[in-house]
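Undergrad: Encoded as structure tokens, here's the structure I'll be asking about.
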Amino acid sequence: MSSSGKRILVTGGAGFLGSHLCERLLADGNDVLCADNYFTGRKDNIAHLLTNTHFEALRHDVCFPLYVEVDEIYNLACPASPIHYQHDPVQTTKTSVTGAINMLGLAKRLRAKIFQSSTSEVYGDPSVHPQREEYRGNVNPIGPRACYDEGKRCAETLFFDYHRQHKLRIRVARIFNTYGPRMHPNDGRVVSNFIVQALKGEPITVYGDGRQTRAFCYVDDLIEGFVRLMAAPDEITGPINLGNPVETTVGELATRIIELIGSRSTIVYRPLPVDDPVQRCPDIARAREVLGWEPRFPLETGLKNTIAYFDRLLTERGEKPGASPRQVA
Ligand SMILES: NC(=O)c1ccc[n+]([C@@H]2O[C@H](COP(=O)([O-])OP(=O)(O)OC[C@H]3O[C@@H](n4cnc5c(N)ncnc54)[C@H](O)[C@@H]3O)[C@@H](O)[C@H]2O)c1
């Protein structure tokens, strides 16, 4: 690998966020090594990057050590949606914890800067609103979401211990709900679920009464936050909230998606899953202050881009009413 930029490892680089991050880092003139075991990531997400000589894809599970030479590491490897992380909960905790240990070990050996994609789930079902970074959370350690929430909390602990003990340069971002092109079509996340159901003309499933709020950040805004945090002075370790503080109720989201698509879908209500937080919204004062960052994409623009992506995907797969499957040579 050689270019004027840095050599950067992105674990989970074939996933939704990872593939956008790889694109951005390449556009900024860096060499990018993507390491992914393709559990939830897809080769299609990075297929367009494979012809770039500054990009390399490696099949690798972060639960095993990795020996490569890089200047920076973004650790994104971990299934992120409840359907996926609850599929094999023990493996989820291992990916978060053992994965963090392996990547921190690599960073320590190389004296590389390392970024952790943590999550708003470390706040659990919050009793304060909106959540500031000082809030210590309300996580059920034995519930079905704990494999993810506690795995991510332990990874944060490891990052800060490597920082204190080994003087490692760390960056920890707590990511709130993010959406955009290349989300998984069937991962049960609210934006992708609603868009796919509306495009297919199927009923839109709202869990609970639809009054629970979510704050949705568009992927390009989030990636800008990642890059700024990585480039910030070393004393800015985080944790730092990255997300969009504009709240929307889940019911409103369903209605907007139906309108934007012009869909004939109706809305059906189902019981809330166990431990589903009623309200979650980032306080991004710290990101504004130290990174000069805030989201720029309005929900409508982000939704239109995401709808266009799923429309193409479902048409290619022949899953849209009236569409025939793409001919494969
Ligand atoms: N998208 C969000 O709204 C959101 C919110 C909070 C935190 N995050 C965090 O951001 C990161 C990326 O999330 P995403 O939304 O892109 O999800 P994703 O599932 O699309 O991406 C995760 C990637 O990690 C890979 N992976 C999983 N286990 C692995 C392992 N053991 N070894 C190597 N690769 C492995 C998957 O194959 C996938 O490509 C995750 O760490 C997630 O916890 C995402």
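The values are calculated or read from the model by the stated rules, or taken from the named source; none is laboratory data. Being a predicted model, the structure only gives us computed values, none of them experimental. Using ideal geometry, Cβ is built from the backbone for each residue, glycine included, and neighbour counts are taken over all protein chains shown. Surface areas here come from the heavy atoms of the whole protein model, side chains and all, with no ligands, DNA or RNA. Shrake-Rupley method; radii C 1.70, N 1.55, O 1.52, S 1.80 Å.
Undergrad: In the range 1-25, which residues are among the aliphatic types (A, V, I, L, M), away from the ligand (no atom under 13 Å from the Cβ) and open to solvent by 10 Å² or more (accessible area, probe 1.4 Å)?
TA: Scanning the range 1-25 gives a single hit, Met1.
Undergrad: Here's another thing I want to ask about it. Could you count how many residues in the range 172-227 are within 24 Å of Ile46 (Cα to Cα), open to solvent by less than 20 Å² (accessible area, probe 1.4 Å), aliphatic (A, V, I, L, M) and more than 11 Å from the ligand (Cβ to nearest atom)?
TA: 2
Undergrad: From the list Asp187, Asp149, which one is closer than 21 Å to Ile307 by Cβ and either over 19 Å from the mean Cα position of the chain (by Cα) or not in a strand (DSSP E or B) (or both)?
TA: On the way: Asp149 fails: closer than 21 Å to Ile307 by Cβ.
Exactly one residue qualifies, and that residue is Asp187.
Undergrad: Looking only at residues in the range 26-57 that are more than 27 Å from Arg109 (Cα to Cα), free of Cβ contacts under 8 Å to residues at least 40 places away in the same chain and of a type in the set (S, T, N, Q), which one is nearest to the ligand (Cβ to nearest atom)?
TA: Step by step, filter the range 26-57, then rank; the result is Asn52.
Undergrad: Here is a follow-up. Of all residues being touching a Gly at 6+ places or on another chain (Cβ under 9 Å) and open to solvent by 10 Å² or more (accessible area, probe 1.4 Å) in the range 128-142, which is nearest to Val246 (Cα to Cα)? Just the residue, please. Walk me through it before giving the result.
TA: Taking the range 128-142 as the starting set, the residues that turn out to be touching a Gly at 6+ places or on another chain (Cβ under 9 Å) are 131, 133, 137-140.
Next cut, open to solvent by 10 Å² or more (accessible area, probe 1.4 Å) only: 133, 137-140.
Working: Glu133: 17, Gly137: 21, Asn138: 22, Val139: 24, Asn140: 26 Å.
For the range 128-142, the residue satisfying everything is Glu133.
Undergrad: Using the structure shown, decide if Glu150 is within 14 Å of the ligand (Cβ to nearest atom), at pLDDT 95 or above and open to solvent by 30 Å² or more (accessible area, probe 1.4 Å).
TA: Details: within 14 Å of the ligand (Cβ to nearest atom): yes; at pLDDT 95 or above: yes; open to solvent by 30 Å² or more (accessible area, probe 1.4 Å): yes.
Taking the combined requirement at face value, the residue satisfies it.
Undergrad: Additional query: Return yes when Leu168 is modelled with pLDDT of 95 or more, open to solvent by less than 20 Å² (accessible area, probe 1.4 Å) and part of a helix (DSSP H, G or I) and no when it is not.
TA: no
Undergrad: Looking at the range 256-278 only, could you name the residues that are surrounded by 17 or more Cβ atoms within 10 Å (Cβ to Cβ) and of a type outside the set (A, V, I, L, M)?
TA: Ser263, Ser265, Pro277
Undergrad: Please enumerate the residues belonging to the range 103-126 that are surrounded by fewer than 20 Cβ atoms within 10 Å (Cβ to Cβ) and in a helix (DSSP H, G or I).
TA: Hits for the range 103-126 are Gly105, Lys108, Arg109, Leu110.
Undergrad: Got at least one residue in the range 233-242 being in contact with a Cys (Cβ under 6 Å, 6 or more places away or on another chain) and at negative phi? Reasoning before the result, please.
TA: Filtering the range 233-242 down to residues in contact with a Cys (Cβ under 6 Å, 6 or more places away or on another chain) leaves none.
Looking for residues that are in contact with a Cys (Cβ under 6 Å, 6 or more places away or on another chain) and at negative phi, one finds none in the range 233-242, hence no.
Undergrad: Starting from residues that are assigned to a strand (DSSP E or B) and within 11 Å of the ligand (Cβ to nearest atom), keep the ones in the range 58-100 and report whichever is most open to solvent (accessible area, probe 1.4 Å).
TA: Out of the qualifying residues, it is Arg59.
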